[in-house]
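Below: one structure, written as structure tokens.
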Amino acid sequence: MSIVDGIILISYFAIVFGVGLYFSRTQKTTEDYFLAGRNVPGWVVAFAIVGTMISSTTFIGHPGNVYARDMWNLPSFLTLPFVLIFISRRVVVFYRRTIRMSVYDYLEKRFSYFARAYGAAAFIVSRVVDMSATLYFLAIPVSFLTGLDVWWVILIVGVATLVITLIGGIAAVVYSDILQGTLLIVGGLVCLGIALFKPSGGPIQVLHAAWEGGKFGLGNRTFSWVRDNLWFYLAGGAIWAVQRYALDQHIVQKYLVAKTDRQAQSSACLGAMACLLVWGLFFLFGACLWAFYQLTGAPVPAEVAAVKDNIVPYFIKTQLPVGLIGLVIAALIAAAMSSLDSDLNSMATVIVDDYFARLRPRSSDSRRLWVGRVTVAILGTFSIVFSQLWIGLGTAMEFAVQIFSLATAGMLGLFALGALSKRATAPGAFVGIAACILFTAWSTLTSVKLPALNRVALNLGQFNYPLHPFLIGIFNHVILFVVGWATSLFLKKK
């Protein structure tokens, strides 16, 4: 890296730390620390949603997948506009008038505290998995571009994010997302622009080559229960969209910090649609990246071609001029930090509101604020350590998708059981949760290959889960809902 690139990186960290220090002065209560006094403008909330949903996984993983294959994962995002119409009209205002801090408060009101505790635990597990993957996907390009070891990149970025979140609370998170979201989009546009305009034929030739090379394909369109296909990702994408935008604390918390109901609704729609455009930007970049190397004949080393997650860092290092490299590295770090800080604050919210406040109902607000800060430190440290386990996995995108779908633990089924059936009861929900856990444990252990071992954890022969592992994250929601509903009806009849 040049001196100019280094100055750009230092300037980015200085601004972000400045934002954290500025808002640290106002963090006096849990309402300030977790909800920013419910006084954040809607346009800032929209930036915060983009920053939360878009991470370094998007910057590195999606273009790498398109380069190596095609846009097989794009259908996962195509159902988002339809889901957001319902969420903005019905869900956002409902939460603002029903819950205090945690979305899982609804589960206790509908069923019991056990359902609330289960939902909160599932969220924490899924966030730790996602945070570790985010740090890993960030460390790959930054290590390649700066010469720092991957282990050190994870540590430095993880600790920086932890400190900013620890001192600045949710206010520092949402306002720093303005800078981070802007850098992410600018960095993606810079990379796409070079891939489009640097080849002699220009953008038309690049897009034509990508089309002829099948890079705009949507994967296998023939339905199958055992091979991945378009229909998997359409169904899974719809479930994912509802899960993330209606049920996950780190997004619902953004609805709660807005000044008014109308601003919260508009920010939900604006933020989600902006996310869809950003995802499309990086899918398009992956297609143009493949065409770029086909048209220019620029060599790609064997060690880069062997691991598709390496192609974007290699492109940045070899094709971007001085100054722009620093900008793109800052964009990568910003993409990661904007997701990580939001995850840390939302997990601390869940720990304080769903667990500590119940164990110590008479505890003071200052005590709960202290517990929230300690939680940020502990979970941030754990995520950094867990991220080290991703090192050496090669390409981990598919594994990350599978693990996240498992970590959701049937939460959509549980919320649907409470919202769609008046006859559903707490005992029925308990049995549904138990069935979901048993199914998820059996199917995961007998079908999901561990990258480090290249085999499943438990081989039961003919009793192994026979279908595609991606479907586990769909079936567990259905099983929880159906078993919970049927059990509720049976027990009432008895």
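Quick note: the coordinates plus some simple rules give every number you see, no bench work behind them. Given the structure is predicted, the values throughout are model-derived calculations rather than measurements. Positions of Cβ are generated from backbone atoms using ideal geometry, with glycine treated the same way; all protein chains shown enter the neighbour counts.
Take the Cα of ASN39, step 7 Å toward its Cβ, do the same at PHE216, and the gap between the two points is 5.0 nm.
Cross-link list LYS254/LYS492; LYS109/LYS492; LYS28/LYS259; LYS109/LYS493; LYS215/LYS254: which exceed 28 angstrom alpha carbon to alpha carbon? As for pairs spanning more than 28 Å Cα to Cα, those are LYS254/LYS492; LYS215/LYS254.
Of the residues TYR104, GLY236, TYR465, the one whose Cα sits farthest towards the positive end of the charge dipole of the chain is TYR104 (charges of +1 on Lys and Arg Cβ, -1 on Asp and Glu Cβ, taken about the Cα centre). Computed from backbone phi with θ = phi - 60° and the Karplus coefficients 6.51, -1.76 and 1.60, the 3J(HN,Hα) list for segment 243-251 is 4, 6, 8, 10, 10, 7, 4, 5, 9 Hz; x is used for glycine and proline. Panel order for SER338, SER143, SER24, SER56, by other beta carbons found within 10 Å of each beta carbon, from fewest to most: SER24, SER143, SER56, SER338. Normalised by the number of residues in segment 1-146, the mean separation of alpha-carbon contacts (under 8 Å, six or more apart) gives a relative contact order of 28 percent. As a proxy for reagent exposure, CYS288, CYS275 were ordered by neighbouring Cβ count within 10 angstrom, fewest first; the result is CYS275, CYS288.
The packing ranking, built from the mean of other Cβ atoms within 10 Å per residue, places the peptides 95-106, 410-421 in the order 410-421, 95-106, highest first. Distance between the 7 Å Cα→Cβ label points at ALA305 and ARG423: 6.2 nm.
Going by average Cβ density within 10 Å per residue, which order do the peptides 290-298, 153-161, 7-15 take, highest to lowest?
My ranking of the peptides, most packed first, is 153-161, 290-298, 7-15.
Phi angles of segment 335-345 translate, via the Karplus equation with coefficients 6.51, -1.76, 1.60 and θ = phi - 60°, into HN-Hα couplings of 4, 6, 5, 5, 7, 5, 5, 5, 4, 4, 5 Hz per residue; Gly and Pro are given as x. In sequence order, segment 81-92 has phi-based couplings of x, 5, 5, 5, 4, 5, 5, 5, 7, 10, 7, 4 Hz under the Karplus curve 6.51 cos²θ - 1.76 cosθ + 1.60, θ = phi - 60°, and Gly or Pro positions carry x.
Sort GLU31, GLU212 by Cβ crowding within 10 Å, fewest neighbours at the top. The partial results should precede the final answer.
Working: GLU31 14, GLU212 11.
Going from sparsest to densest Cβ surroundings: GLU212, GLU31.
Taking 7 Å steps out from each Cα toward its Cβ at TRP225 and ARG360 produces label points 5.1 nm apart. Given R0 = 25 Å, the distance between the Cβ atoms of ARG262 and THR98 translates into a calculated FRET efficiency of 0.90. Whole Å is fine, so just give me how far the alpha carbon centre of segment 32-89 lies from that of segment 298-337. One Cα centre to the other: 22 Å.
From Cα pairs below 8 angstrom and at least 6 apart in sequence, can you work out the relative contact order of the chain, rounded to a whole percent? List each step's numbers first, then the result.
Working: 807 pairs, mean separation 145.7, N = 494.
Relative contact order, the chain: 29 percent.
Shape class of segment 3-392 from the Cα gyration tensor (axes a ≥ b ≥ c, square roots of the eigenvalues): prolate, since a/c reaches 1.5 or more and a/b is larger than b/c. Counting only lysines at least 8 places from LYS449 when in the same chain, those with an alpha carbon closer than 21 Å to its own are LYS308. Segment LEU234..LYS198, full-extension length gain: 9.5 nm, with 0.36 nm per residue of separation and the alpha-carbon distance subtracted.
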